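The next block holds one structure in the form of structure tokens; read it before the comments.
The values are calculated or read from the model by the stated rules, or taken from the named source; none is laboratory data. Bear in mind the structure is a predicted one, so any value in this text is a computation, not a measurement. Reconstructed Cβ throughout: ideal geometry from the backbone, glycine too, with neighbour counts over all protein chains shown.
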Amino acid sequence: MQNKVFGIVIICGFLIIGVVYFVDKKEEVITVKSENKVTVQNNTEQKCNFAQEVLVTKVIDGDTIVVEGGNHIRLIGIDSDEFGYPCFESAKKELENLVLNKKVILQKDISVTDKYGRCLNYVFVGDKNINIEMVSRGLAVAVFYEPDTRYKVDIQNAETQAIASKNGCKWVNLK
């Protein structure tokens, strides 16, 4: 009798966990009507759909910003040091100089978000690609994840030039 009760409790526990997991993973579907067209977007696509220009309200580090509305934006194709690593402060400060309290244009590639739910974008101030700028200044390295490779060649060229010139925190101490 006790084994049956224990078994039922275990099965119920797994069922509850399964329901909670799948409800949490479900993305809300939004129907958007415009110009006699109906399109369906999931919540993630809607979250990362920005106006022509958006204000940068915070810089997290050298490759992540926050824009008006609270959305976190991860700059595609680059990677900068995290907190506690040598180039963290200089990369964060330079990105602040480039974008903080400025209107930027966010450009998508293929993927909408990363595994942390941050919107993936190339960031422009005017015609200047900030992703390329951070690498050319030696404050970030080129890192690409398929299928998001629109500016791969430009960012890799910027990295090659930064290494050759020993620009910025990443390359200044190269022998």
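Here is how the numbers come out for the structure above:
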| quantity | calculated |
| --- | --- |
| Pairs, first in contact (Cβ under 8 Å) with a residue 40 or more places away in the chain in segment 100-128, second part of a loop (DSSP other than H, G, I, E, B) and among the small types (Gly, Ala, Ser), C-beta under 9 Å, six or more apart | Ile105/Gly126; Asp109/Gly77; Leu120/Ser111; Tyr122/Gly77 |
| Flag if Asp79 is surrounded by fewer than 20 Cβ atoms within 10 Å (Cβ to Cβ), within 14 Å of the chain's Cα centre (by Cα) and within 21 Å of Ala164 (Cβ to Cβ) | yes |
| Residue count for segment 109-145, restricted to those that are aromatic (Phe, Trp, Tyr) and either crowded, with 18+ Cβ neighbours inside 10 Å or more than 13 Å from Ile155 (Cβ to Cβ) (or both) | 3 |
| Filter result (on the phi > 0 side of the Ramachandran plot and more than 23 Å from the chain's Cα centre (by Cα)) within segment 142-175 | Lys166 |
| The one condition in (1) assigned to a strand (DSSP E or B); (2) touching a helix residue (DSSP H, G or I) at 6+ places or on another chain (Cβ under 9 Å) that Ile105 fails to fulfil | (2) |
| Out of Lys93, Lys170, sole residue that is surrounded by 15 or more Cβ atoms within 10 Å (Cβ to Cβ) and either assigned to a helix (DSSP H, G or I) or at pLDDT 95 or above (or both) | Lys170 |
| Set Lys58, Lys115, Lys128: member being charged (D, E, K, R) and at pLDDT below 95 | Lys115 |
| Segment 147-167, residues that are modelled with pLDDT of 95 or more, surrounded by fewer than 14 Cβ atoms within 10 Å (Cβ to Cβ) and either part of a loop (DSSP other than H, G, I, E, B) or outside the structural domain of Leu95 (by TED's automatic domain parsing) (or both) | Pro147 |
| Segment 65-90, residues that are of a type outside the set (Phe, Trp, Tyr) and farther than 23 Å from Cys48 by Cβ | Asp81, Gly84, Pro86, Cys87, Glu89, Ser90 |
| Any hit, segment 125-133, residues being at positive phi and touching a Phe, Trp or Tyr at 6+ places or on another chain (Cβ under 7 Å) | no |
